[in-house]
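Step one of this worksheet: look at the structure below.
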Amino acid sequence: MFQMIGRVGVSLLVATFFNASLAADVDPASQPVPLRDVSWPAYGATPGGTHFSRASQITPANVGELEVQWIHRSGDYREANDDGEQRLAQSSLQVTPIVVDERLYYCSPFGRVFALDASSGEELWSFDPGVDTDVEPWLLHCRGVSSWQSGKTGYCEHRIVYGTADARLIALDAQTGRPCTDFGTLGEVDTSHGLSKHQPLEYGITSPPAILGDMVITGGMVLDNQRLDVPAGVVRAYDIRTGALRWSWNPVAPGVSPRNEDGTWVSGTTNVWSMISVDEARDLVFLPTGNTAADYYGGNRNGMDHYSSSLVALRGSTGEVVWHFQFVHHDIWDYDTPAQPTLIDLPLGDELIPAVVQVTKMGLTFVLNRETGKPLWPVEERPVPQSGAVAGEILSPTQPFPTHIPELLAQPFDLERAWGLTPVDRGSCESRLATLKHGGLYTPPSEQGTLYFPSSMGGNNWGSPALDPDTGVMVVYTSRAPGFIKLIPREECGPEVGEQQRGSPYCLQRGLVMSPLGIPCSEPPWGTLDAIDLVQGRILWSVPLGTTRNSAPFPFWWIDGLPGIGAPMVTASGLVFSGISNDHKLYAFDLADGRQLWSGKLPTAGNALPMTYQLAGDGQQYVVIAAGGHWSGGSPAGDYLIAFGLPRE
């Protein structure tokens, strides 16, 4: 069911530029290395988040032979439960391991860290920080750990650093798993220090910190849909050895003090919950910022969203703002910047430009000069819908649209696309869609209810993109299911409403627009992998990702392309690997044309970013994915870390 839209590749001139760029100023981890020794030293493979590996033992010709090599189970997972007093959703395993010096390191949803032999999966050590696991799963997850090496040997000269759901930054000795006691207080730094008073579930660290020289840099997850004065979204850099604070940046508007009179951080600022990228050669830190509270009403923000839903570049040595580019003005749709900024050198005319690529929940891709923040190709400010907003709201008359990279979602949503498995199902969807206001992308939330396309799931979310630095081809997962937003006046906001937005005049209901049979009210596919040639500015192919085999009753197993969270990874041999949060398989596609070449069964959904590495010791290439389900989908909770490889001789 895939649609061939074009041919992968760029012109000979462009290819020459890309090959030349490998010898230029790029991440060392993305340069050619002996094929028997290819690691995955950071969450996104490189400090610039390419999701790309030069491991090439597994090719389009032999990928069909992949089989399970080993499985590690942490024991850390939770089924959904409701004891009558407290209801807790299931856990979610979103981690991507790293591999350094033939050891694999990863964290569980409960905050435990494990070191494994990367060849056998044998557990070498584990560390338990003692996180309270009796909390909701949107906070109780850990996407990864980070590695720092001094270049010397000895205790804590190689450190594994990560954040916890209860806001601790922890440094461990990579060899033994024991805390590095010279870091902070006995190996820990309390990152909640200086924040305004808050409940424990309102602030935590869910993404791996960035490493820049001898600093570890982290943001935090803020529960920004409950009240206006949520904890500050401050980003901080700490000394990797001592844990001392080196600098901090609280994203208040220019000219506004970042601290209160009592020294605490000004609350309600936008946070950085996703992955941070760094360019060490240019001393730059790239922050994908979230949306300012309250997510879906901004009438009383008073300029607090100056840095909201943006990409912000800081000077790495000082934390000072170098530039920022806002993707959504006055964001009242929760279209925060979800994915790690991706660093690549792109040829433009006779120049090789240091670029940063940012995908968005809107399905729009922006490509900026990472030194200046200026778009590489024109970005237009276009008029957007201005009618239907609630009383007190302030709308931006225009929003930015890139002109070179095609939009991944056709706008406006065509109400004639209402779809159902049966005539009754379709009729229900038509009636539901007809009740919602819709004028295209950026139609404001309303009391009547607004069609929300794409929803806050995207478009693109935290799992994308993957980028081949040799060809400039980017692969992203795109969710295509319609959603709805409905604002409810404060006097009608009962305790059953999940998103209270306290301090604003409205609470909120939202979700996907679903048929009575529980499927999206739009024609499938509801989720695709899309390949884009960045330099030529065209979509090369688009294929459905996932099937309803594990999420729908028989006989409705035939639908291809699911909504959810997908995270692709690409290899130098021309392969794309991805799982998805509502399917029980890991897939391999041909980067050249999007053909599915292989799928491997998983015990539950693998919605994390897969990774790969090739070891010097046994010459074997492994593809590893975490399969643990997701609280938003229909797949059971699990704790599986699974390594695939070619049959051993």
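The values are calculated or read from the model by the stated rules, or taken from the named source; none is laboratory data. Bear in mind that the values here come from a model prediction, so they are computed numbers and not experimental data. Every residue, glycine as well, gets a Cβ built from its backbone with ideal geometry; the counts of neighbours run over all protein chains shown.
Please specify each residue of region 445-460 satisfying the condition of being within 16 Å of PRO525 (Cβ to Cβ) and either part of a loop (DSSP other than H, G, I, E, B) or in contact with a helix residue (DSSP H, G or I) (Cβ under 7 Å, 6 or more places away or on another chain) (or both). Step through it out loud before you land on a result.
Filtering region 445-460 for residues within 16 Å of PRO525 (Cβ to Cβ) gives 453-455, 457-460.
If the condition is that a residue be within 16 Å of PRO525 (Cβ to Cβ) and either part of a loop (DSSP other than H, G, I, E, B) or in contact with a helix residue (DSSP H, G or I) (Cβ under 7 Å, 6 or more places away or on another chain) (or both), then PHE453, PRO454, MET457, GLY459, ASN460 are the ones that fit.
Suppose we filter GLY213, GLY219, GLY194, GLY163 for residues that are modelled with pLDDT of 95 or more, closer than 21 Å to TRP247 by Cα and more than 23 Å from the chain's Cα centre (by Cα); which single one remains? Quick ask: steps written out before the conclusion?
Values: GLY219 fails: more than 23 Å from the chain's Cα centre (by Cα); GLY194 fails: modelled with pLDDT of 95 or more; GLY163 fails: more than 23 Å from the chain's Cα centre (by Cα).
Answer to the check: GLY213.
Can you tell me which residue within region 359-373, out of those that are under 17 Å from GLY527 (Cα atoms) and among the aliphatic types (A, V, I, L, M), is surrounded by the most Cβ atoms within 10 Å (Cβ to Cβ)?
VAL359
Return a yes/no flag: does region 447-460 have any residue that is crowded, with 24+ Cβ neighbours inside 10 Å and under 16 Å from ILE532 (Cα atoms).
Within region 447-460, one or more residues are crowded, with 24+ Cβ neighbours inside 10 Å and under 16 Å from ILE532 (Cα atoms).
Need at least 3 residues that are touching a Phe, Trp or Tyr at 6+ places or on another chain (Cβ under 9 Å) and among the β-branched types (Val, Ile, Thr) per element, so show me which strands (runs of 3 or more DSSP E) inside region 344-418 make the cut, counting only ones lying wholly within it. It would help to see each step written out before you state the result.
Numbers: elements: 351-359, 365-369, 379-383, 398-402.
Result: 351-359.
I need the full set of residues from region 392-426 which are at pLDDT below 95 and small (Gly, Ala, Ser), in order please.
Of everything in region 392-426, those that are at pLDDT below 95 and small (Gly, Ala, Ser) turn out to be GLY392, ALA410, ALA418, GLY420.
Name the residues in region 393-414 that are touching a residue at least 60 places away in the same chain (Cβ under 8 Å) and among the acidic types (Asp, Glu), would you?
Quick first cut of region 393-414, residues touching a residue at least 60 places away in the same chain (Cβ under 8 Å) only: 393-396, 398-400, 404-406, 408-409, 413.
Matches in region 393-414: GLU393 only.
Examine region 179-192 for a residue that is of a type in the set (Phe, Trp, Tyr) and in contact (Cβ under 8 Å) with a residue 60 or more places away in the chain, and state whether such a residue exists.
First pass over region 179-192, keeping only residues of a type in the set (Phe, Trp, Tyr): 183.
Those still in the list that are in contact (Cβ under 8 Å) with a residue 60 or more places away in the chain too: 183.
For region 179-192, residues of a type in the set (Phe, Trp, Tyr) and in contact (Cβ under 8 Å) with a residue 60 or more places away in the chain: present.
In region 47-59, is there at least one residue being surrounded by fewer than 22 Cβ atoms within 10 Å (Cβ to Cβ) and in a strand (DSSP E or B)?
Going residue by residue through region 47-59, those that are surrounded by fewer than 22 Cβ atoms within 10 Å (Cβ to Cβ) are 54, 56-57, 59.
Narrowing the set further to residues that are in a strand (DSSP E or B) leaves none.
So far as region 47-59 goes, no, none of its residues is surrounded by fewer than 22 Cβ atoms within 10 Å (Cβ to Cβ) and in a strand (DSSP E or B).
Give, as residue ranges, the strands (runs of 3 or more DSSP E) completely inside region 67-113 that count at least 2 residues that are over 21 Å from GLY463 (Cβ atoms) and at pLDDT 95 or above.
Working: elements: 67-73, 98-100, 103-107.
Hits in region 67-113: 67-73.
Considering each residue of region 146-195, count those that are outside any loop (DSSP other than H, G, I, E, B), surrounded by fewer than 19 Cβ atoms within 10 Å (Cβ to Cβ) and charged (D, E, K, R), and give that number. Even if it seems obvious, please write down each step before you answer.
Residues of region 146-195 that are outside any loop (DSSP other than H, G, I, E, B), as a first pass: 146-149, 158-163, 168-173, 179, 185, 188-190.
Still in the list and also surrounded by fewer than 19 Cβ atoms within 10 Å (Cβ to Cβ): 149, 185, 188, 190.
Filter again for charged (D, E, K, R), leaving 188, 190.
The number of residues fulfilling the criteria is 2.
Considering region 243-282 alone, what residues qualify as being buried (at least 16 other Cβ atoms within 10 Å of the Cβ), in contact (Cβ under 8 Å) with a residue 60 or more places away in the chain and among the hydrophobic types (A, V, I, L, M, F, W, C)?
Result: TRP247, TRP249, TRP265, TRP273, MET275, ILE276, VAL278.
Could you say which residue among PRO495, PRO489, PRO524 is farther than 21 Å from ILE332 by Cα and surrounded by fewer than 19 Cβ atoms within 10 Å (Cβ to Cβ)?
Details: PRO489 fails: farther than 21 Å from ILE332 by Cα; PRO524 fails: surrounded by fewer than 19 Cβ atoms within 10 Å (Cβ to Cβ).
The unique qualifying residue is PRO495.
Could we say that GLU123 is free of Cβ contacts under 8 Å to residues at least 60 places away in the same chain, touching a His at 6+ places or on another chain (Cβ under 7 Å) and acidic (Asp, Glu) here? Walk me through it before giving the result.
On the way: free of Cβ contacts under 8 Å to residues at least 60 places away in the same chain: yes; touching a His at 6+ places or on another chain (Cβ under 7 Å): yes; acidic (Asp, Glu): yes.
So GLU123 passes the test.
What are the pairs, 6+ residues apart or on separate chains, where a residue within region 228-242 that is over 15 Å from LEU201 (Cα atoms) has its Cβ under 6 Å from a residue that is among the hydroxyl-bearing types (Ser, Thr, Tyr) and not in a loop (DSSP other than H, G, I, E, B)?
VAL234/SER248; ARG236/SER248
Looking at this structure, is THR153 free of Cβ contacts under 8 Å to residues at least 24 places away in the same chain and more than 20 Å from PRO209 (Cα to Cα)?
Numbers: free of Cβ contacts under 8 Å to residues at least 24 places away in the same chain: yes; more than 20 Å from PRO209 (Cα to Cα): yes.
Yes; evaluated as a whole, the condition is true for this residue.
Could you tell me whether SER542 is polar (S, T, N, Q), touching a residue at least 40 places away in the same chain (Cβ under 8 Å) and farther than 26 Å from GLU67 by Cα? Spell out the reasoning first.
Working: polar (S, T, N, Q): yes; touching a residue at least 40 places away in the same chain (Cβ under 8 Å): yes; farther than 26 Å from GLU67 by Cα: yes.
So SER542 passes the test.
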